[in-house]
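Here the structure is laid out as structure tokens; the discussion comes afterwards.
The values are calculated or read from the model by the stated rules, or taken from the named source; none is laboratory data. What you are looking at is a predicted structure, and each value in this text was computed from that prediction instead of being measured. With ideal geometry, Cβ positions are generated from the backbone for all residues, glycine too; neighbour counts draw on all protein chains shown. SASA here: full protein model, heavy atoms, side chains in, ligands and nucleic acids out. Shrake-Rupley method; radii C 1.70, N 1.55, O 1.52, S 1.80 Å.
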Amino acid sequence: MPSPLRTALLQSSGRPGDVAANLRILDEAAGRAADAGAGLLVAPEMYLTGYAIGDDVRRLAEPADGPSAEAVAAVAARHGLAVLYGYPERDGDAVFNSAQAIGPDGTRLLNYRKTHLFGCFEQEHFTPGGTPVVQADLGGLRIGVLICYDVEFPENVRAHALAGTDLLLVPTAQMHPYQFVAESLVPVRAFESQMYVAYVNRTGPEGEFEFVGLSTLAGPDGVARARAGRGEDLVIGDVDPEFLAASRAANPYLRDRRPGLY
């Protein structure tokens, strides 16, 4: 059985519009996470550039292998831990709300494009992704990614469960008055699909939005292993493969499904 994967959740809105500053904040957080024994650091949705940045979304968008990806790879390799971060991805004329994971050796593990766009702001600035399940292996675990609104569709999370995701990473920009998603919905998703869910939020006012924080690492028993408050924070919890296996054996939702009925 693999060892537990210590996972750090960076709750921060960084400096909207200032990619260089956000990379510095990420580097500092990666150092603190590594010192605490973490093997994975997760940053929020659109962390690299800021979320409520209007037309700067298109101006600051980069390809998946662009200069910021190279900078994050250097951070990951320098501190010896994997890093997942949200960013606007440019691919031809399209811009996607994306999240990319870089391994502890600086290699790219996965890139995911948000499939369910929330509200007029996202629908105006982004193209929806078309691949619902994107996964990679890290530390003996199968990790997968959804972004914010995606996790509010139970079908998305169940698709990951059926594909074998052990740890679902959900960079988010969760805003007032929807804090019940972080407080209640995310732990339920973890329980009903028998996986760990790392839900990592922005915080504070940004443009027309007020981000609520409350980042959480929820276990397959529906219990938070780590939870942040409302301000800037770095919280850490363990993803335990042994506990996950025992929980799946005791809670046979996936075995007892009758998909022919639905």
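Tabulated data for the structure shown
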{"read-out": "For GLU206, residues with placed amide H under 5 Å, excluding near neighbours", "value": "PHE211"}
{"read-out": "Most positive-pole-ward Cα, THR172, ALA190, GLY130, against dipole of the chain from beta carbon charges", "value": "ALA190"}
{"read-out": "For segment 85-124, size of Cβ-based charge dipole, Lys and Arg +1, Asp and Glu -1, in debye", "value": "120 debye"}
{"read-out": "Principal axis dimensions, largest first and in whole angstrom, of segment 165-262 by Cα", "value": "45, 32, 17"}
{"read-out": "Residue-wise HN-Hα coupling along segment 206-216, computed from phi with Karplus coefficients 6.51, -1.76, 1.60 (Hz; x: Gly, Pro)", "value": "7, x, 8, 10, 10, 7, 9, x, 6, 3, 8"}
{"read-out": "Rg over Rh [alpha-carbon atoms, Kirkwood Rh] for segment 47-103", "value": "0.99"}
{"read-out": "Amide hydrogen neighbours beyond the local backbone of LEU40, cut-off 5 Å, H modeled", "value": "ALA8, ALA82"}
{"read-out": "Positive-pole candidate from GLN100, PHE118, ALA159, dipole of segment 27-160, charges at beta carbon", "value": "ALA159"}
{"read-out": "Test item: Cα-centred dipole of the chain, Lys/Arg +1 and Asp/Glu -1 on Cβ, debye", "value": "580 debye"}
{"read-out": "Gyration tensor (Cα) of segment 1-139, equivalent ellipsoid semi-axes in angstrom", "value": "25, 17, 13"}
{"read-out": "20 °C / 1.002 mPa s Stokes-Einstein diffusion coefficient of the chain, Kirkwood radius on C-alpha pairs, µm²/s", "value": "119 µm²/s"}
{"read-out": "For LEU244, solvent-accessible area (1.4 Å; no DNA, RNA or ligand), Å²", "value": "10 Å²"}
{"read-out": "Over the chain, relative contact order from alpha-carbon pairs under 8 Å, at least 6 apart, %", "value": "20 percent"}
